[in-house]
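Take a look at the structure set out below.
The values are calculated or read from the model by the stated rules, or taken from the named source; none is laboratory data. Keep in mind that what you see is a predicted model, and the values were worked out from it rather than measured. When we count neighbours, we look across all protein chains shown, and the Cβ atoms used for this are built from the backbone with ideal geometry, even at glycine.
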Amino acid sequence: AHVAMQKAQAEAQKREAEARILAQRSSELRAQVERRAAEKTLRGAELRSEADVRVQEVELLREQESRLAAQRQQAEVVRKYESRWAQLKASARRKQQLKDQQAAAAAQLGSSQAQAPPQLA
């Protein structure tokens, strides 16, 4: 009976040791799962934060693109006005040259008539 009791106690101690080992393993696994969950949560937050940054970058690029388009449009308007101004100046110069030539021709005609003796028929 004494030997049977010792065997039963040894068996009980063995099961208690196994139970402690299983409890420890379970605790370690639970800690790993919690750590991984925390890492995934953190990574998810990082990804969301990164996505928010990308969205902001896209918005800034769109705003910049819009500003550049407006500047290009303004530059085109300025170019058209400058071109029209250059045409007007060139036209004014041609008109002035024509007037100067006509005045010179009239002056030359007037001086040649004054120098030539009147012709009698």
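Taken together, the residues in region 4-29 that are exposed (fewer than 10 other Cβ atoms within 10 Å of the Cβ) and modelled with pLDDT of 95 or more amount to 0. When the criteria are applied in full, residue 50 meets the requirement of being at pLDDT below 95 and either loosely packed, with under 10 Cβ neighbours inside 10 Å or not basic (Lys, Arg) (or both).
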